[in-house]
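Below is one structure, written out as structure tokens, with a few remarks after it.
The values are calculated or read from the model by the stated rules, or taken from the named source; none is laboratory data. These figures come from a predicted structure and were not determined experimentally. Cβ coordinates were reconstructed from backbone atoms using ideal geometry, including for glycine residues, and neighbour counts include every protein chain displayed.
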Amino acid sequence: MLGELEQNNATARATPLVDERGVLTNLLISVAPIALLVLFYLWLFKKQSGMLGMGGFGAGKKFQPVDPEKIRVTFKDVAGIDEVEAEISEVVDFLKDPKRYQAIGAKPPKGVLLSGPPGTGKTLLARATAGEARVPFFHASSSEFVEMVVGVGASRVRELFQAARTAAPSIIFIDEIDAIGRKRSSSLAVGGHDEREQTLNQILTEMDGFSSSEEIVVLAATNRPDVLDPALLRPGRFDRSITVHAPDQVGRAQILRVHTASVKTSPDVDLDALSRITPGMTGAELANLVNEAALLAVKRSRPAVTQRELLDALEKVRLGTVRNVIMPAEERKRTAYHESGHALLGMLEPGADPVRKISIIPRGRALGVTLSTSDTDRYGYDENYLKGRIVGARGGMTAEDLVFGVVTTGAESDLQTSTHLARMMVGRWGMSKRIGPVQVLPEEGDPRAAGVSEGMLDTVAKEVRALVEQCHQRAFELLQENRWRLDSLAERLLEKETLDDQEIYEAAGLHRTTAPDPATPRVNSQQ
Ligand code: ADP
Ligand code: MG
Ligand code: ZN
């Protein structure tokens, strides 16, 4: 057909029905989905790294110091731990005037480890140190380092130290360092092990890296100093270790003063008296106590906090909040005998802490409570005192058994207390003749892994049992001999629901012996 057309001088033009695409277009089209996918991943990645805390992958925000002008906390806010303050003030001194140290060639402390129970003011003290020295303060919690993505922790440590170097003189504070600083061999850590180890190694490297001419002090806090990797505590790293204890009576009064300073109090408030009945309480607990009292004052529309509110708040903090349930008469009676049993043994056992309060008003999980606290602070316990405590803990269950001939689930926490105490006495405190003065039970983990034989563990179990049984026997005999006191106490308790110390001793027909034999507060509760 084309030939014919051309012979007749016709112009023939033909275009293909389908447009042929160029090579480039073809390529573009086939690559586009992949490109889109890549873009999507990049977007996801960025979004995720944005969520990974402040730093991300070095692309996000950097570590920002807390401006010294903004830290309003100074040593004035930290009360009752003067000896700790004195030790740490050397750090402040160095940061304020490093030249003096350098002139003599004295090496300042590089790392200071604050250890002590929760709520004793470690974090507060670190902040106050920065506030006193008036230098930038880098605050990092260990958990911030351990992220989902491996390698982030180490890079964040590097960033943190870099930022601190730039801002020097400065303070780095790593809170709850045990989260990353656990012994590396420890088989307890599950998951994130490598990540934690890398982070820890990076901290060690950074601390080794800075010379004494660098004006950075690293503070760290932990409430588990025993699980820390020894490498952290080597000279040149956290070579200074400061133990923060729960405050003594004078300290508690000072802490109460600090925290009531911003609260309106009536003139009848006696903080010294309050400090005497709060042995064992930490700074955080005292701060909470003051606040609870202030809340109570608001609730009662008082113009200021009075001693009444403080005492009521103490009761609430110690015994728990009252639960509004109506107990069946039978159960109430059993609870009354249970608590009377605890209280009576607490009064009869020589050297036990004086009984302060008994109540059969249900609070929290407990159906009733018996509160006994010492008159003063106590730092160690002797064998007889501990036995007395086991006897006291047996009191509730034994009284129920004696009077009603039943055992109830309410005694669970009592059993737990007495078993735990007995295990500690036998296995850790060397108070068993058959085991001898050796420590059999490790602080944590399987004793078998620590090289303790099955036979030894068997003996421990037998000794624990013998000890508890001996104490039980004594509890039973004491209650049997003093049955009338038990009945009288339970009766009065059923009538009044809550008894305070004077009423308790009176109902039991006993005189309070003010034996100067103190201890930390304890609560026997029935669930
Ligand atoms: P830790 O870090 O040791 O667990 P914190 O430093 O977080 O305890 O203490 C919590 C709160 O308890 C503080 O903010 C403070 O209000 C109060 N507190 C603790 N110890 C003291 C103290 N020694 N003096 C004054 N307040 C304290
Ligand atoms: Mg803390
Ligand atoms: Zn009990």
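State which residue pairs qualify: first residue within 16 Å of G396 (Cβ to Cβ) and of a type outside the set (G, A, S) and inside segment 406-433, second residue within 16 Å of ligand 1 (Cβ to nearest atom) and part of a loop (DSSP other than H, G, I, E, B) in any location, beta carbons under 8 Å apart, and separation of 6 or more residues or different chains.
Taking only residues 6 or more apart or on different chains, not a single pair turns up.
Does any residue of segment 116-128 turn out to be in contact with a strand residue (DSSP E or B) (Cβ under 9 Å, 6 or more places away or on another chain) and away from ligand 2 (no atom under 11 Å from the Cβ)?
no
Hey, H338 hits all of (1) part of a helix (DSSP H, G or I); (2) at pLDDT below 90 but one; which does it fall short on?
(2)
Filter segment 250-296 down to residues that are in a loop (DSSP other than H, G, I, E, B) and within 16 Å of ligand 1 (Cβ to nearest atom) and give me whichever is surrounded by the fewest Cβ atoms within 10 Å (Cβ to Cβ).
S262
Looking for whichever is in the same structural domain as E383 (by TED's automatic domain parsing) and within 16 Å of ligand 3 (Cβ to nearest atom) here; the options are L415, L457. Which one fits?
Checking each option against the conditions leaves just L415.
Kindly indicate which of R334, R323, R300 is closer than 30 Å to R483 by Cα and among the basic types (K, R).
Criteria check complete, one pass: R334.
Residues L39, L24, L52: which one is outside the structural domain of S155 (by TED's automatic domain parsing) and at pLDDT 85 or above?
Result: L39 is the single residue among L39, L24, L52 that is outside the structural domain of S155 (by TED's automatic domain parsing) and at pLDDT 85 or above.
Just to be sure before I move on: is V438 β-branched (V, I, T) and surrounded by 14 or more Cβ atoms within 10 Å (Cβ to Cβ) in the structure I sent?
no
Kindly list the number of the only condition in (1) more than 20 Å from A508 (Cα to Cα); (2) assigned to a loop (DSSP other than H, G, I, E, B) that fails for M425.
(2)
Name the strands (runs of 3 or more DSSP E) wholly inside segment 80-175 in which the number of residues that are small (G, A, S) and either under 17 Å from F210 (Cα atoms) or without any contact (Cβ under 8 Å) to a residue 12 or more places away in the chain (or both) is 1 or more.
111-115, 170-175
Being within 25 Å of the chain's Cα centre (by Cα) and in contact (Cβ under 8 Å) with a residue 24 or more places away in the chain is the filter; apply it to segment 371-385 and report the residue that is farthest from A273 (Cα to Cα).
Y381
How about segment 371-390: which of its residues are in a loop (DSSP other than H, G, I, E, B) and either among the basic types (K, R) or in contact with a Phe, Trp or Tyr (Cβ under 7 Å, 6 or more places away or on another chain) (or both)?
R378
So for segment 280-303 (the condition being under 20 Å from the mean Cα position of the chain (by Cα) and within 16 Å of ligand 3 (Cβ to nearest atom)), does at least one residue qualify?
No; the residues of segment 280-303 include none that is under 20 Å from the mean Cα position of the chain (by Cα) and within 16 Å of ligand 3 (Cβ to nearest atom).
Is there any pair linking a residue in segment 275-289 that is at positive phi to one that is at pLDDT 85 or above and more than 16 Å from ligand 3 (Cβ to nearest atom), with Cβ under 8 Å and at least six apart or on different chains, and which?
Note: pairs meeting the criteria are G280/A246.
Is at least one residue of segment 297-314 outside the structural domain of S372 (by TED's automatic domain parsing), in contact (Cβ under 8 Å) with a residue 24 or more places away in the chain, within 16 Å of ligand 1 (Cβ to nearest atom) and on the phi > 0 side of the Ramachandran plot?
Taking every residue of segment 297-314 in turn, none turns out to be outside the structural domain of S372 (by TED's automatic domain parsing), in contact (Cβ under 8 Å) with a residue 24 or more places away in the chain, within 16 Å of ligand 1 (Cβ to nearest atom) and on the phi > 0 side of the Ramachandran plot.
Scan A253, A231, A220 and give me the residue that is at pLDDT 90 or above and either away from ligand 2 (no atom under 16 Å from the Cβ) or over 20 Å from Q162 (Cβ atoms) (or both).
Testing whether each residue is at pLDDT 90 or above and either away from ligand 2 (no atom under 16 Å from the Cβ) or over 20 Å from Q162 (Cβ atoms) (or both) leaves just A253.
Only one residue in R492, R485 is within 14 Å of M347 (Cα to Cα), among the basic types (K, R) and in a helix (DSSP H, G or I). Which one?
R485
For G119, which of the numbered conditions (1) touching a Gly at 6+ places or on another chain (Cβ under 7 Å); (2) surrounded by 20 or more Cβ atoms within 10 Å (Cβ to Cβ) fails to hold?
So G119 meets the others, but not (2).
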